[in-house]
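The values are calculated or read from the model by the stated rules, or taken from the named source; none is laboratory data. Keep in mind that what you see is a predicted model, and the values were worked out from it rather than measured. Ligands, DNA and RNA are excluded from the accessible area calculation, which covers all protein heavy atoms including side chains. Shrake-Rupley method; radii C 1.70, N 1.55, O 1.52, S 1.80 Å.
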Amino acid sequence: MTREVKQKAPLDLLFRALADPTRLRLINLMADQEICVCYFIDVIGAPQPKISRHLAYLRRAEIVSARREGKWMHYRLTVPEDSHAAAILKTTIQALGEDKDMKRDRERLTRACCGPRSLVQLLGAPLPSQAQALR
């Protein structure tokens with residue numbers, strides 16, 4: 001009887017995942033919470049297929065997971081099994097938290113969630129939910 005061992009994502013895949021500005025923006029927005037894809041589209045201002053393609057890349061790198069709730073897809077960061085990869089992701093998130101453009105994205109997310117013309121009110125989108133912090 002053979003047992004299948006799940007391979008972890010190679011470290012080079014993590015570095016490639018972190019090498020794209022759009023993917024860094026997505027990671028930044030998921031740093032503290034699980035987010036519905038509609039918020040990414042609103043905050044980043046990119047078309048849904050582009051956002052989905054980048055989220056799929058992050059999922060292949062095993063740093064993002066997804067779940068469906070009705071018609072909504074929710075995404076959150078996951079801690080890599082490899083301790084080096086986990087440390088790299090944690091450091092990246094900390095650095096993103098100090099970047100002025102990334103702070104501006106988080107402010108846009110707050111407005112998209114809670115402003116007078118929020119996606120919650122306009123589309124009935126679910127509010128982002130707190131996830132286990134990686135910071």
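Protein chains only, probe 1.4 Å: how do Leu11, Leu55 rank by accessible area, largest first?
Listed by decreasing accessible area, they come as Leu11, Leu55.
Which whole-number value in Å² is the accessible area per residue of region 13-65, probe 1.4 Å?
38 Å²
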